[in-house]
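For reference, the structure discussed in these notes is given below.
Every read-out reported here was derived from the displayed coordinates using simple, explicitly stated rules and does not represent laboratory data. Source: prediction; values computed, not measured. Ideal geometry is used to build each Cβ from the backbone, glycine not excepted, and the neighbour counts take in all protein chains shown.
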Amino acid sequence: MGYLIGSVSVAVIYSKIIYRRDVRTQGSGNAGATNVARVFGIGAGLLTFAGDGLKTAAAMLLGRLIAGEPGFIAAGAACLIGHAWPVYFGFKGGKGVTVSAVIGIMLDWRIFAIGISIFIIVALLTKRVSAGSMLGAFSYPFSMLALGSDTPARLGLCIFVVVSVFFMHRENIKRLLKGTEPPFRAHK
């Protein structure tokens, strides 16, 4: 169920209904909030962020309702997979940054607060959302350990988030290393 909920691509649905265009054919070609903001404006990006956040929270809460803590963890991971490879949209989705952010909120708001702080600082300093996204996600397992988590499943989900975000950003990593990653610019 987490995968099916995660497969609901808010970016694709929103861009097709409101703008009559598939966001995956423009900008970076990604079905995520950053590309929606890049192509259609910050407001559209924020609405996409909110929709992806709600689907993640719903999936995880439903997972908890059905199967307790294991369901909560599994639904978060499955939602992230569904977002990246959505069954409803030809397995071409987003990079999972919003889903990862909300997983952080659902695990412990302090993990999210640390991750979003790192994201904002890095993105502002480098003008590269990809760099901020990856380093924000990278902080999750370390934050979880620093906050005294004794739940291996929650720590495992944090590690899964890091691996997933880095995997989905593998082309960005190549461009960052070459110095060719373009700075973020939102549509006016």
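Candidate cross-link partners of K92 among the lysines, defined by an alpha-carbon separation under 25 Å and a same-chain spacing of 8 or more, comprise K16, K55, K174. Each of G136, I118, T34 was placed along the dipole of the chain (beta-carbon charges, centred on the mean Cα), and the one lying farthest toward the positive end is T34.
Here region 1-35 is scanned for amide nitrogen atoms under 20 Å from the site 7 Å beyond the Cα of A153 along Cα-to-Cβ, giving 1-6. Taking Lys and Arg as +1 and Asp and Glu as -1, the other residues whose beta-carbon sits under 14 Å from that of L177 total +3.
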